[in-house]
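J.: For reference, the structure I am asking about is given below.
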Amino acid sequence: MIQLSRSLRKRVAAILAATGVAAALLAGCQPQTQSAAAGSGEAQRTFHDAEAGVTLAYPATLERVDGNADTPAVRGYFDNGSWQLYASAPGKTLITLALPGSNAITTGLWRLGISRDPAAVRHCQRLPANAQRQPGPSTLGGHDATLFTQSDAGMNHFREVESYRSVIAATCYAVDLIVEGSNGEVYDPPRQAPFSRDAAWQALREINTGLHLDG
């Protein structure tokens with residue numbers, strides 16, 4: 001067995017101790033970074049409507065702005081406030097969520113509505129005028145869905161929409177993701193958007209992952 005001098009043993013012990021501290025610090029940082037990236041610590045709320053067969057888990061930072069909440073419904077420059085953006089038959093808005101910080105410059109909305117009206121069900125997955133069907137399979141709450149997009153602009157206002165439509169048990173389910181607002185440069189002084197459009201789309205699409213439809 002190799003014998004180390006007393007001074008050398010002290011130096012080795014100091015190096016090992018320092019290495020252990022560094023490793024512990026590194027180990028402590030890594031899980032925290034992964035957790036923050038995954039958003040696992042974010043508080044959640046749950047919306048459930050047994051009659052509609054809908055359960056939605058969503059981040060608590062989102063604000064409910066539908067008629068069932070204490071706040072008034074958000075109606076944009078292009079929006080009629082109906083259960084779905086292109087409604088020509090009666091239906092019911094179940095829940096509308098707004099991204100935190102939404103304002104007149106940029107608003108992000110996630111809206112879910114349903115209808116059992118025969119005409120609404122029959123035309124549920126028909127594309128409205130000027131809409132673009134998105135290629136590839138799409139799902140909504142675990143069911144096959146039709147996905148289409150549409151955009152409008154006028155008088156310094158804009159609206160971009162991503163819509164999902166699915167028919168389950170003679171019910172039309174409609175989810176509309178909406179990013180809309182106005183040109184902040186026309187204000188005096190100019191106003192900045194609360195978030196980018198790309199960030200809004202990412203946050204709105206993530207809401208879809210918490211939706212489950214029983215039909």
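Nothing in this text is a laboratory measurement; each read-out follows from the coordinates by a stated rule. In this text, all values refer to a predicted model and were calculated from it rather than measured experimentally. Heads up, the Cβs are rebuilt from the backbone with ideal geometry, glycines too, and the neighbour counts pull from every protein chain shown.
J.: Work out from phi, with θ = phi - 60° and the Karplus expression 6.51 cos²θ - 1.76 cosθ + 1.60, the ³J(HN,Hα) of each residue of the stretch 151-156, listed in order in whole Hz, and give x for Gly and Pro.
T.: Karplus values, whole Hz, x for Gly and Pro: 9, 9, 8, x, 6, 6.
J.: If each of Ala57 and Tyr187 carries a label point 7 Å out from its Cα toward its Cβ, how far apart are those two points in nm?
T.: The answer from the label model is 3.6 nm.
J.: Over the Cα atoms of the stretch 78-145, Rg to Rh with Kirkwood Rh, two decimal places?
T.: Using only Cα positions, Rg/Rh for the stretch 78-145 is 0.98.
J.: Quote to one decimal, in nm, the extra length available between Asp214 and Ala170 on full extension: 0.36 nm per residue of separation minus the C-alpha distance between them.
T.: Between Asp214 and Ala170, full extension yields 14.6 nm more.
J.: Another question about this same structure. Using θ = phi - 60° and the Karplus relation 6.51 cos²θ - 1.76 cosθ + 1.60, list the HN-Hα couplings for the stretch 190-204 in order, rounded to whole Hz, with x at every Gly or Pro.
T.: x, 10, 8, 5, x, 7, 6, 5, 4, 5, 5, 5, 4, 5, 5
J.: Compute the FRET efficiency between Ser88 and Asn130 as 1/(1 + (r/R0)^6), taking r as their Cβ-Cβ distance and R0 = 22 Å, and round to the nearest 0.05.
T.: E(calc), rounded to 0.05, equals 0.90.
J.: While we're here: Given the peptides 50-57, 99-106, arrange them by the average over their residues of other C-beta atoms within 10 Å, most packed first.
T.: 99-106, 50-57
J.: Ok, one more. What is the set of long-range amide H partners of Ser138 at a cut-off below 5 Å, with H atoms built 1.01 Å from backbone N?
T.: Counting only residues 5 or more places away or on other chains, the set is Ala145.
J.: I'd like the Karplus ³J(HN,Hα) series for the stretch 44-53: coefficients 6.51, -1.76, 1.60, θ = phi - 60°, whole numbers in Hz, and an x wherever there's a Gly or Pro.
T.: These are the phi-based 3J(HN,Hα) values: 10, 10, 10, 10, 9, 10, 5, 5, 8, x Hz.
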